[in-house]
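Let me give you the structure first, and then I'll get to my questions.
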Amino acid sequence: MLGDCFPPDFKANFSRERGISPGDVLYLHCDFTTPPKVKYMVVVCCEPLLVLLINSDINEFIKRNNDLMACQVQINREDHDFLKWDSFVNCIEAHAAFDLEIIKEKIAIQYGDVLKGRITDHCMRQVRCAVEISKTMVKRHKKLILAALQHYE
């Protein structure tokens, strides 16, 4: 990744000044998945930090439920060079599992290992729509995400 070529002090300053924003894709270890593992996720709100998981496949239970399937947003490999294959943003549940300041520090130290890229604006508009129609997302998270993604209307 291009960001790995920059000197450490540049990456640290960039992380502190720019931070992260909705649409950024992070690659982090998730203790809340079964089993716990490293996952791609898209930032959908920064205050508080809320993320949606990116999955390479859709669970069979979700496939059998139209309401849940409507909350899966396909993101193509060809438009997102950090992906190895076409994937899906799961807009059923947002996760508040990470501290924003700790993530900024990780980005400053391990830039290309943590901050992988951005979701296209087209996909972010679809994410916003999927969050808006989600019947399962915590209402407080839904409200925060819709406010954070209002420019994707």
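The values are calculated or read from the model by the stated rules, or taken from the named source; none is laboratory data. Everything numeric here is computed off the predicted structure, so don't read it as measured data. Virtual Cβ from ideal backbone geometry, glycine too; neighbours counted across all protein chains shown. Calculation scope for accessible area: heavy atoms of the full protein, side chains included, ligands and nucleic acids excluded. Shrake-Rupley method; radii C 1.70, N 1.55, O 1.52, S 1.80 Å.
Can you tell me how many residues in region 140-153 are out of contact with any Cys (no Cβ under 7 Å at 6 or more places or on another chain) and either closer than 15 Å to VAL51 by Cα or open to solvent by less than 20 Å² (accessible area, probe 1.4 Å) (or both)?
So the answer is 8.
Just for region 90-136: of the residues that are surrounded by fewer than 18 Cβ atoms within 10 Å (Cβ to Cβ) and among the hydroxyl-bearing types (Ser, Thr, Tyr), which one is nearest to ILE20 (Cα to Cα)?
Looking at the filtered set, the residue picked out is THR120.
Also: Do we find a residue being in contact with a helix residue (DSSP H, G or I) (Cβ under 7 Å, 6 or more places away or on another chain) and among the small types (Gly, Ala, Ser) anywhere in region 78-91?
no
Identify all residues within region 56-89 that are open to solvent by less than 30 Å² (accessible area, probe 1.4 Å) and touching a strand residue (DSSP E or B) at 6+ places or on another chain (Cβ under 6 Å); write none if there are none.
ILE58, GLN72, VAL73, ILE75, PHE82, SER87, VAL89
Go through the residues of region 46-55 one by one and say whether even a single one is open to solvent by less than 30 Å² (accessible area, probe 1.4 Å), in contact (Cβ under 8 Å) with a residue 60 or more places away in the chain, in a loop (DSSP other than H, G, I, E, B) and closer than 13 Å to ILE145 by Cβ.
no
Identify, by number, the condition in (1) at pLDDT below 95; (2) over 21 Å from SER134 (Cβ atoms); (3) out of contact with any Gly (no Cβ under 8 Å at 6 or more places or on another chain) that LYS11 doesn't meet.
Answer for LYS11: the failing condition is (3).
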